[in-house]
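Read through the structure below, which is laid out as C-alpha cells, and then see the notes.
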Amino acid sequence: MPRRRLLYLLAVVALLGQMAFAMVTTAVQQSPTIDEPVYVATAEVYRQQHSLRYNPEHPPLGKLIMAAGTAFGGADLDPNYPGNQTRLGRHLLYENGNNPFQLMLLARLPIILLTLLFGLVVLAFARDLAGPVGGLVALALYAFSPDVIAHGSLATLDVPAAGMLLTAFWLTWRARERPQLCLPLAGAALGAALATRMSVLPAVPLLVALAGLSLWHAQGNRPERPALRRRLLVAAGAAAGVGLLAVVVVWLSYLAVDPRLRWTTPPGLPDPGGLKGLAVDLMPFPQAYRDGMLIQFRFEAKLFNGFLLGEAYRGSPWYYMPVAILIKTPLGMLALWAAGMITMLVLPKLRVAALYLLPVSAVAVLVTMAGSRNFGTRYVIVLPLFLAVAAGTVALIRLRWSRIVTGLLVLSVAAGSLMTFPYYLPYSNVAFGGTAHTSENLHDANVDWGQDLARLGQHLKSRYPGERIWLVYKGAGVPTYYGITAEDPYAVPEDQVRGLLVVSESRVALAGPRLKRLIESSRKIDRVGYSISIYRR
C-alpha cells in the first residue's frame with residue numbers, strides 16, 4: 001500500500017475512532033433521556049411479543065435495530081402490563097428487576113455503530129464530489145459534530161433516519177454512473193429512512209425526482225443515446241421504481257414485527273380533512289403507519305411551551321430553529337457549511353450535485369420552522385450530515401491560503417468538540433458562551449433531556465452526603481435507583497424548603513411563580529453536567 005494511502009486510511013480510522021470513544025463514553029455515563037425508555041420498551045415488545053400496539057407514532061425499523069442489541073440483555077417484560085408506553089418504559093428499566101445501565105447500553109450500541117457507518121457515507125459522498133481531501137474535511141466535520149455525537153450515542157431515531165436518508169441521496173447520485181446497482185439500493189435506503197421516522201416524508205418527492213434525473217443522465221452517457229420519449233419514460237419508470245421499493249421496505253419492517261399485522265386504531269385520532277387527510281388516506285403504507293401520522297398531526301396541533309434566548313413563551317416562533325442552529329453549531333462548522341454551499345453554487349461542475357444536498361437541507365429547516373415543537377436541533381440533525389458533504393467541496397477552491405483557512409476552521413471545530421467532552425448534548429458555540437451557558441438560551445433536548453441523573457446521584461453522594469435534598473427533575477429516570485433520596489418542594493410550604501434545591505435546567509427555563517421564588521431566594525452553589533443546578537437554601 002502506498003504511503004499516502006496508508007496515511008489517509010489512518011486519518012479516517014483516527015477520526016472515527018475518536019468519535020466512537022466519545023459516543024461510547026457518553027452512552028456509558030448518561031442515564032436514559034426522556035424518549036429512550038419508550039423506544040427501548042417498544043423494541044422489547046416487538047422482540048418478545050411481536051406486537052405493534054406501542055409507539056405507533058414512529059415506524060418500527062429504528063426500534064428493531066435497538067432490539068438487536070437488547071436481545072443480548074435477557075430482559076424480563078410482563079406481557080400483560082396495562083400501562084401506556086411511558087409507564088412501560090419505566091416498568092422495563094426500573095420495576096421489573098432488569099439492569100437499566102446494561103439495557104440502555106445494549107440499545108445504544110447498534111445506534112452508535114450505525115452512526116459510525118454513516119460517517120463512511122459522508123466520506124464517500126464528499127470524495128465523489130471533491131476528492132480525497134474533500135472527503136477528509138467532510139468526515140472531520142461529521143466526526144467532531146457535537147450534535148451528531150450527542151444523538152448518535154442515544155437509543156433514539158434521529159440519527160438513524162438522517163443517515164439512511166443521506167445514504168439514499170448518495171446512492172441516487174452514484175446512480176448517474178451505475179443506475180442498475182445504485183437505484184434499487186437508493187430505494188431500499190429511502191424505505192429504511194421512512195420506516196424509522198415519518199419526518200423523512202417531505203424528502204421523498206425530492207429523492208424520487210432526483211432518481212429520474214440520475215437515470216436520465218445515465219442514459220445520455222450511452223454510446224447510442226435513446227430517443228427523447230424513451231428516455232423520459234425510462235427515467236419516470238426508474239423514479240416510480242425507487243418509490244415502490246421504499247414502500248416495500250416500509251411494509252417489510254412492519255411484517256418483521258408482526259407477520260399478521262394485527263392492529264387496532266386508537267380512539268380519538270384527529271381527522272385532519274382537506275389535503276392532509278387525503279394524503280394520509282392515499283399513503284400506500286400499513287394502517288398502523290397511517291394512524292401514526294394522525295398521532296403526529298395531533299401533536300402538531302398542540303401549543304407547547306418554549307424557551308429561546310432567555311425568554312419563555314408559548315407557541316412556536318418561526319425563527320426558533322434558525323437561531324437554535326446558530327447557537328448549537330460550532331462557528332467553524334457554520335463557516336465551512338456556508339463556504340461549501342457557495343462553492344457548490346459557483347462551480348459549474350458542482351451545480352447538479354448541489355441538487356442532491358442543498359434542497360433537502362432547506363426542506364428540513366423549513367418544515368421545522370412551520371412546526372409546533374421547539375424542542376431541539378435534533379429535528380434538523382440532517383444538517384451536520386448533508387452540509388458536511390457540501391463543506392467538503394471547499395477542497396476544490398484554488399484561492400491562496402484557502403487550504404490553510406479550511407484546516408484552521410476544521411481544527412477549531414475539533415477543539416470545541418474535544419473541550420465539551422463528555423457533555424455533548426448541552427453544547428453551544430463560544431459566541432453564545434459555550435456549553436456552560438447553553439441553558440441561558442435554550443432548553444429541552446438542546447441542553448437538558450434528563451441525561452444526568454446518574455451523574456447527579458454520584459455527585460450528591462460524594463460532595464453532599466447526608467444533606468436534605470429537594471428535587472425538581474425533568475426526565476425519565478427514577479431518582480431513587482441512582483441513590484437520590486429527595487423530597488418534593490411543591491408538597492410543603494415554601495419556608496420549609498431548606499437544604500439543597502436541585503433543579504433541572506429545563507425546569508428553571510420554564511419555572512412557574514413558586515419555583516421562581518424558591519430559586520430567587522436560594523444561592524446557586526454547584527452544577528452537574530451543565531443540565532442540573534444545585535442551590536443552597
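The values are calculated or read from the model by the stated rules, or taken from the named source; none is laboratory data. These figures come from a predicted structure and were not determined experimentally. Glycine also receives a Cβ, built like all others from the backbone with ideal geometry; neighbour counts cover every protein chain displayed. Note: accessible area is taken over every heavy atom of the protein model, side chains too, but ligands, DNA and RNA are not part of it. Shrake-Rupley method; radii C 1.70, N 1.55, O 1.52, S 1.80 Å.
Karplus-derived 3J(HN,Hα) values for the range 522-527, using 6.51 cos²θ - 1.76 cosθ + 1.60 with θ = phi - 60°, are 10, 10, 6, 10, 6, 8 Hz; glycine and proline are entered as x. Ordered by solvent-accessible area of protein heavy atoms (1.4 Å probe), largest first, the residues Phe432, Phe72, Phe386 come out as Phe72, Phe432, Phe386. Working note: Karplus 6.51/-1.76/1.60 with θ = phi - 60° gives the range 47-58 the couplings 6, 8, 10, 6, 10, 9, 6, 9, 6, x, 5, 10 Hz, where Gly and Pro are set to x. Note on the range 210-362: with charges restricted to the Cβ of Lys and Arg (+1) and Asp and Glu (-1), its dipole about the Cα centre is near 520 debye. Normalised by the number of residues in the range 396-537, the mean separation of alpha-carbon contacts (under 8 Å, six or more apart) gives a relative contact order of 23 percent.
DSSP finds beta bridges in the chain, and of those with both partners inside it, around 75 percent are antiparallel. Taking amide H as placed 1.01 Å from N in the peptide plane, Ile525 has its amide H under 5 Å from the amide H of Ile534, Tyr535, Arg536, each at least 5 places away in sequence or on another chain.
Using a 1.4 Å probe on the protein chains only, how many percent of the accessible area of the range 98-138 belongs to carbon and sulfur?
Solvent-exposed carbon and sulfur of the range 98-138 make up 74 percent of the total.
When the charge dipole of the chain is built from unit charges on Cβ atoms (+1 for Lys and Arg, -1 for Asp and Glu) and taken about the Cα centre, the candidate among Ala150, Tyr490, Thr480 whose Cα reaches farthest toward its positive end is Ala150. Of the residues Gly191, Phe421, Val121, the one whose Cα sits farthest toward the positive end of the charge dipole of the chain, with +1 on the Cβ of Lys and Arg and -1 on the Cβ of Asp and Glu, is Val121.
Would you work out the relative contact order for the chain, in percent, from Cα pairs under 8 angstrom that are 6 or more residues apart? List each step's numbers first, then the result.
Details: 905 pairs, mean separation 93.9, N = 537.
In percent, rounded to a whole number, it is 17.
Rounded to the nearest 10 degrees, the angle from helix 204-220 to the longest Cα principal axis of the chain is 20 degrees.
Residue-wise HN-Hα couplings along the range 138-146, as the Karplus relation 6.51 cos²θ - 1.76 cosθ + 1.60 with θ = phi - 60° gives them from phi, are 4, 5, 4, 5, 5, 5, 9, 5, x Hz; Gly and Pro carry x.
Ranked highest first by average number of other Cβ atoms within 10 Å, how do 35-44, 475-484 line up? Don't jump to the answer; show the numbers that get you there.
Numbers: 35-44: 27.2, 475-484: 18.4.
Most protected by this proxy first, the peptides run 35-44, 475-484.
Only the Cβ atoms of Lys and Arg (+1) and of Asp and Glu (-1) were treated as charged; on that basis the dipole of the range 110-214 about its Cα centre amounts to roughly 200 debye.
Taking all protein chains in place and a 1.4 Å probe, what share, in percent, of the accessible surface of the range 256-382 do carbon and sulfur account for?
67 percent
Would you mind putting 24-33, 134-143 in packing order, based on average other-beta-carbon counts within 10 Å, highest first?
Working: 24-33: 21.3, 134-143: 27.8.
Highest to lowest by the protection proxy: 134-143, 24-33.
Maximal additional length on extending the Thr480-Ala415 stretch stands at 19.7 nm, based on 0.36 nm per residue less the C-alpha distance.
Shown here: Rg and Dmax of the Cα atoms in Å, derived from the displayed model; of the candidates (i) 24.1, 87; (ii) 25.1, 81; (iii) 31.0, 105, it corresponds to (i). Reported to the nearest whole Å, the Cα centre-to-centre distance from the range 374-442 to the range 458-537 is 32.
Ordering His91, Val249, Leu233 by Cα displacement along the dipole of the chain toward the positive end leaves Leu233 in first place; charges were set at the Cβ atoms of Lys, Arg (+1) and Asp, Glu (-1). What you get for the chain, charging only the Cβ of Lys and Arg (+1) and of Asp and Glu (-1), is a dipole of about 1540 debye around the Cα centre.
Judged by the mean number of other Cβ atoms found within 10 Å, the most tightly packed of the peptides 270-283, 159-172 leads the ranking 159-172, 270-283. Per-residue extension of 0.36 nm, minus the Cα-Cα distance of Leu278 and Leu345, leaves a gain of 20.4 nm for this segment.
When only alpha carbons are used to place a centre, the range 12-90 and the range 293-336 end up 25 Å from one another.
For the chain, what is the accessible area per residue in Å² when the probe is 1.4 Å?
Numbers: 22760 Å² over 537 residues.
That works out to 42 Å² for each residue.
Just to confirm a number: summing +1 for Lys and Arg and -1 for Asp and Glu over residues other than Lys328 whose beta-carbon lies under 13 angstrom from that of Lys328, what do you get? Spell out each step's value before the answer.
Details: positive: Arg378; negative: Asp147, Asp444.
Its environment carries a net charge of -1.
With all protein chains in place and ligands, DNA and RNA left out, the 1.4 Å accessible area ranks His50, His217, His151 as His50, His217, His151, largest first.
Pairs of Cα atoms nearer than 8 Å and 6+ residues apart set the relative contact order; for the range 428-501 it is 28 percent.
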